[in-house]
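Engineer: Questions regarding the structure given below will be posed in turn.
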Amino acid sequence: MTDAMRAALSELSSKFVTAIVTGRSTEKVYNFVQLDNLVYAGSHGFDIKGTKTRPINCQVADHFRPELKQALRDLTEQTAHIAGAELEDNGLAISVHYRHVDSALQNAVEQIVDDYVAYHPSLTKKMGKMVFELRPRVDWDKGRAVMYILSELGLDAEDVVPFYLGDDVSDEDAFNALNGRGLGQGISIIVRDPEAEKVDLPGNLTELPVTKASYSLRDTAEVQQFLTELARLKCAC
């Protein structure tokens, strides 16, 4: 994260409740961002931690941790022969990255993950940008995490308009959740350049699915500009 982006987030969070919802573990993203005034929802919203002034401590499906640790060990061993395959422990999610795997072998990585899930039905596979995610098979996602945060902080009200920005397929759940609040009650923004020649397609998809987001920004530069302008608004809270 650039210093300018961190400054924009810091300024925004000083005026408005600000949260980061990510597939990374809560600890990793906090160490990366290093801002205390944010709500952090790691592992796709399975692990939520608030601030000192807005305390939240929610670990959904925490009892799955031992099984996920075992999955990390098993899949690390099973993909060891595939150059470029990388496993990442994100607490309540396991990420199997194949960005650096030869295109001819990417299907083999997915087959290994599919076979593992078939023998471990308590886990489910989700797709992201050049990554397969193993998560607990429970009814929870980024959208439910966002709605939970709003409810816990007393912000699930008609006079509160949450904004959600995201660039991953998993962010579609959050877009859908905000859209469900009704017209003008939630702003969903996808970060994607429609003119980009190469995009990171999840799994074996040949094109990205149509987004549920109502608006779009092209890249992180536009995100930074948007957050900076948003922070300049006068807070009526």
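Engineer: Using the Kirkwood formula over every pair of different C-alpha atoms, what hydrodynamic radius in Å results for the stretch 63-136?
Structural biologist: About 12.0 Å for the stretch 63-136.
Engineer: Normalized C-alpha radius of gyration of the chain, against 2.2 N^0.38 Å? Could the numbers behind the result be given before it?
Structural biologist: Numbers: Rg = 18.2 Å, N = 237, 2.2 N^0.38 = 17.6 Å.
So the Cα radius of gyration is 1.04 times the expected 2.2 N^0.38 Å.
Engineer: Find how much the distance from Gln70 to Ser216 grows on full extension, using 0.36 nm per residue of separation minus their present alpha carbon separation; answer in nm with one decimal.
Structural biologist: The span from Gln70 to Ser216 would gain 48.7 nm if fully extended.
Engineer: Calculate the FRET efficiency for Thr53 and His100 from the Cβ-Cβ distance with a Förster distance of 41 Å, rounded to the nearest 0.05.
Structural biologist: My answer for the efficiency is 0.50.
Engineer: Tell me the volume per residue, in Å³, of the convex hull enclosing the alpha carbons of the stretch 53-101.
Structural biologist: With only Cα atoms used, the stretch 53-101 gives 81 Å³ per residue.
Engineer: Here is a further query. Residues with beta-carbon under 13 Å from that of Asn107, excluding Asn107: net charge, scoring Lys, Arg +1 and Asp, Glu -1?
Structural biologist: For residues surrounding Asn107, the net value is -4.
Engineer: Ok, one more. Any idea how far the Cα center of the stretch 103-135 sits from the one of the stretch 52-86, in Å?
Structural biologist: Rounded to whole Å, the Cα centres lie 13 Å apart.
Engineer: While we're looking at this one, here's another question. Contact order normalised by length for the chain, with contacts defined as Cα pairs under 8 Å and 6 or more residues apart; what percent is it?
Structural biologist: For the chain, the relative contact order is 16 percent.
Engineer: Once fully extended, how much extra length lies between Val161 and Ala4, figured as 0.36 nm per residue of separation less the alpha-carbon to alpha-carbon distance?
Structural biologist: Values: separation 157, 0.36 × 157 = 56.52 nm, distance 2.52 nm.
Contour length minus the Cα-Cα distance gives 54.0 nm.
Engineer: Calculated from DSSP H runs of 4 or more alone, at -39500 (n - 2.57) each and per residue, what is the 222 nm mean residue ellipticity of the chain, nearest 500?
Structural biologist: So the calculated ellipticity at 222 nm is -10000 deg cm²/dmol.
Engineer: Nearest 5 is fine: what % of DSSP beta bridges in the chain come out antiparallel, could you say?
Structural biologist: 65 percent
Engineer: Okay, moving on. For the chain, give the magnitude of the charge dipole about the Cα centre (Cβ charges: +1 Lys/Arg, -1 Asp/Glu; no others), in debye to the nearest 20.
Structural biologist: Working: 25 positive and 36 negative charges, 136 e Å.
Using only the charged Cβ atoms, the result is roughly 660 debye.
Engineer: Can I get the semi-axes of the stretch 1-89's equivalent ellipsoid? Compute them from the C-alpha gyration tensor as square roots of 5 times the eigenvalues, in angstrom, largest first.
Structural biologist: They are 30, 18, 7 Å, listed largest first.
Here, each number is a calculation from the coordinates, and none is a lab measurement. Since we're looking at a predicted model, the values are computed, not measured. Note: ideal-geometry Cβ built from the backbone for every residue, glycine included; neighbour counts use all protein chains shown.
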